Amino acid sequence: MKKRKFDIYYGFLLCQFFCIFLAVAFLVSLGPNLQFYFFAIIDPGSTSIYDSAFNGQMVRFPSLLDWLGGVLSIPVLIVSLAISSSTFKVKSPRKVHLRLVLSCFFSWCLVDLAIGIFDEQAEVAYYLQCLLANLAGSVFLVLLMAGLFSVLDLYIKIFSCADVVVKLTASFLLVALSFALCCITYYAIAFLFKPLPVRIQLYTAYPASGYVKTIEDKKIKIPTIENPKTSLLPNNSMSSRFYMVSIDKGISFNFDANSEDQNYILSVATVEGCLEPNQALEAIASNSWRTFENVAEFQASFDKGTSQVVSETFPKELTPHPLEEESLTSFWYKPSEKEGEIDIQQFFSNNIFLHYSTDAREQIYLITAHLLEKKGNVVSTRERELDLNVNGRSYSYMFNVDPSVELSSKVNCSSLGLEGNAQDSNFYSVNVPLAGMVIVVKPDIDKKVLRLYTDRSQVDIAGGMGTRSIKNLRLGELVYSDPDKVDRFSLSGDIRRVLIDGYKKEVTEADVYSATGDFTVAYTNGGWMAIDGTADFLWNRKERLNSTKWESVDAGWSGVATIIGSILIAVGWVLRSLVFPSMVSNQDYKWKLF
């Protein structure tokens, strides 16, 4: 029986030690944050305390859970264990607080020294700053702990009892008070430094440029109501032409009839020096075409190197590519040569894709490759291979610049003729370092049969780093496209209207709006781009436009002085009423078991 009481007592002892350790950890975790934000508040070199802390940059303020998670950091756990262990077998207030100061100061100094050595911090200023911060932090921690310990003694006096159970509940109270202090400090700091979300409504005409970052957890495979498109391109059927350039990984063009009863007629011809499909068509002789019938699918791809695919104008329904993974996209909008139309150009740093469908109609493409490569400071010609696969059968086309030809800046578009064009492997020696193939796809439809419905063919184009340009989009039809969902954007150009929380902002040509949050990007009836959503952070150039709660009350530095003064008065009252009397009397803390 005696042994069981002994075990229970030491169980209570261990429980109280853990409570002290946990309470100390909550308070120690405040140290680095209080140091950072306190010096930001007293910094006289900035117009706002937020800018003095973060220099106007985007810093996502931690959540309460992240703030409390600082308790689990290795330095905090090491220092907290050292501090709580120093109070073992000591109940005298003077000795307890002396040990608290010394253990806190020296343990933090050892931790900072280890961090400095590990991070190769050799500057004297770093160690001097840590020394001063540790000294001030140790005194501040002792004052907090002294106040809390005195509150626990008052708790014991209220019960007029000092048995083990009451002392243990006092330990739980210590943890609760430390946790509350940690949470109160978080909300106080958030009041001063956390920017408030604002609603932004932005409308721009063209030209315009910037970037958008799509919401990563909403990347899609097939656009639906639940999974909206994420490509900035209109997904309704619109007449357009495109120009795609892949810089490093070559490019592939894939056509699928997507129908069991609708086949196509494929005609191909090789050309050199051609930049546009119409230009190439004019240069091709009628006897230079090779034709394939009953085509259900085909692929055309160039090997590694700079390549491009250009289309003629016809209706397409653009949708995100099934493999599209790049979420951050730079874009440029500019008016087309024809009034009432625009061009959209996008840059992809990893992989470039385009996927669309169209009804049974003639489609014309030009796929070409540059026959040059750069090694160091030297640019030389190189051989490029085009692989054509029709209904499962492969045909190879090799292009190389004739070594006897002197390269010049003048490029003529011409047909390469029928020579070798009927073989599985074809070789061409060209006069200019740009060559490729014209592709014409026509539906094989019997004109005597009335067809009320045809399946839509599918086209996929993929490459490496490069640009995607969709040209001649009619402004009046953009409004029918579904909106995009983005969580970051930057926009400049012909901005026409800006509303922030319903208030109109003055617009200038120099405006560059950047924001993070949750937004939709759509098109208005007139074809303008419209961005609407909630911004967690919002800037116009370097000016932050969403204020903190503190800035919204417009208290100024006099308010800061009032807050600091109030805190000092409260601390003084605790010291005079609770801490100093216990230090003078030096009577043992009644709530401690050890």
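A few comments on the model shown:
- Screening the range 233-346 for strands (runs of 3 or more DSSP E) wholly inside it with 1 or more residues that are under 17 Å from VAL441 (Cβ atoms) returns the ranges 238-246, 251-256, 264-272, 290-295, 297-302, 307-311, 314-319.
- Candidate set: the range 247-265, residues that are surrounded by fewer than 20 Cβ atoms within 10 Å (Cβ to Cβ) and farther than 12 Å from ASP455 by Cα; chosen: the one modelled with the lowest pLDDT: ASP248
- Number of residues in the range 372-387 that are within 38 Å of the chain's Cα centre (by Cα), at pLDDT 90 or above and more than 26 Å from GLU293 (Cα to Cα) equals 1.
- Any chance VAL268 is under 21 Å from PHE399 (Cβ atoms), at pLDDT 90 or above and of a type outside the set (Asp, Glu): yes
- Residues in the range 154-179 that are among the hydroxyl-bearing types (Ser, Thr, Tyr), over 10 Å from GLN16 (Cα atoms) and not in a loop (DSSP other than H, G, I, E, B) were compared, and the one that is modelled with the lowest pLDDT is TYR155.
- So PHE347, is it closer than 23 Å to GLY466 by Cβ, in contact (Cβ under 8 Å) with a residue 24 or more places away in the chain, surrounded by 14 or more Cβ atoms within 10 Å (Cβ to Cβ) and in contact with a His (Cβ under 6 Å, 6 or more places away or on another chain): no
- Hey, VAL309 open to solvent by less than 10 Å² (accessible area, probe 1.4 Å) and under 22 Å from HIS370 (Cβ atoms) or not: yes
- In the range 67-91, the residue that is nearest to CYS15 (Cα to Cα) out of those that are touching a residue at least 24 places away in the same chain (Cβ under 8 Å) and polar (S, T, N, Q) is SER84.
- The range 507-526 - residue that is of a type outside the set (A, V, I, L, M) and more than 24 Å from the chain's Cα centre (by Cα) and, of those, surrounded by the most Cβ atoms within 10 Å (Cβ to Cβ): THR524
- Residues of the range 489-506 classified as crowded, with 16+ Cβ neighbours inside 10 Å and farther than 24 Å from GLN346 by Cβ, total: 2
- Residues of the range 535-565 that turn out to be modelled with pLDDT of 70 or more, open to solvent by less than 80 Å² (accessible area, probe 1.4 Å) and within 25 Å of LEU196 (Cα to Cα), as a count: 14
- Condition check for LEU13: at pLDDT 75 or above and in contact with a Leu (Cβ under 6 Å, 6 or more places away or on another chain): yes
- Which listed residue, of ASP424, ASP455, ASP482, ASP446, is within 22 Å of LEU232 (Cβ to Cβ) and either open to solvent by 20 Å² or more (accessible area, probe 1.4 Å) or at pLDDT below 85 (or both): ASP482
- Boolean, VAL390 is modelled with pLDDT under 90 and not hydroxyl-bearing (Ser, Thr, Tyr): no
- Of all residues in the range 276-300, exactly one satisfies the criterion of being at pLDDT 95 or above and of a type in the set (Gly, Ala, Ser), namely ALA300.
- Filter result (open to solvent by less than 10 Å² (accessible area, probe 1.4 Å) and of a type in the set (Phe, Trp, Tyr)) within the range 188-212: PHE193
- Checked against the criterion of being open to solvent by 80 Å² or more (accessible area, probe 1.4 Å), assigned to a helix (DSSP H, G or I) and in contact (Cβ under 8 Å) with a residue 12 or more places away in the chain, the candidates LEU98, LEU135 yield just one match: LEU135.
- Of the candidates GLN129, GLN121, the single residue that is open to solvent by 50 Å² or more (accessible area, probe 1.4 Å), modelled with pLDDT under 80, farther than 24 Å from LEU168 by Cα and in a loop (DSSP other than H, G, I, E, B) is GLN121.
- Residue within the range 325-332 that is under 26 Å from GLY392 (Cα atoms), out of contact with any helix residue (DSSP H, G or I) (no Cβ under 8 Å at 6 or more places or on another chain) and open to solvent by less than 60 Å² (accessible area, probe 1.4 Å) present: no
- When restricted to residues that are part of a strand (DSSP E or B), touching a Phe, Trp or Tyr at 6+ places or on another chain (Cβ under 8 Å), closer than 16 Å to THR204 by Cβ and among the hydrophobic types (A, V, I, L, M, F, W, C), the range 470-502 contains 5.
- Some residue of the range 400-413 being modelled with pLDDT under 90, open to solvent by less than 30 Å² (accessible area, probe 1.4 Å) and part of a loop (DSSP other than H, G, I, E, B): no
- Residues (over 32 Å from the mean Cα position of the chain (by Cα) and of a type in the set (Ser, Thr, Tyr)) located in the range 10-35: TYR10
The values are calculated or read from the model by the stated rules, or taken from the named source; none is laboratory data. For clarity, every value in this text was computed on a predicted model and none was experimentally measured. FYI the Cβ positions are ideal-geometry reconstructions off the backbone, even for glycines, and counts take in every protein chain you see. For the accessible areas, the whole protein counts, side chains as well, though only heavy atoms, and no ligand, DNA or RNA atoms are used. Shrake-Rupley method; radii C 1.70, N 1.55, O 1.52, S 1.80 Å.
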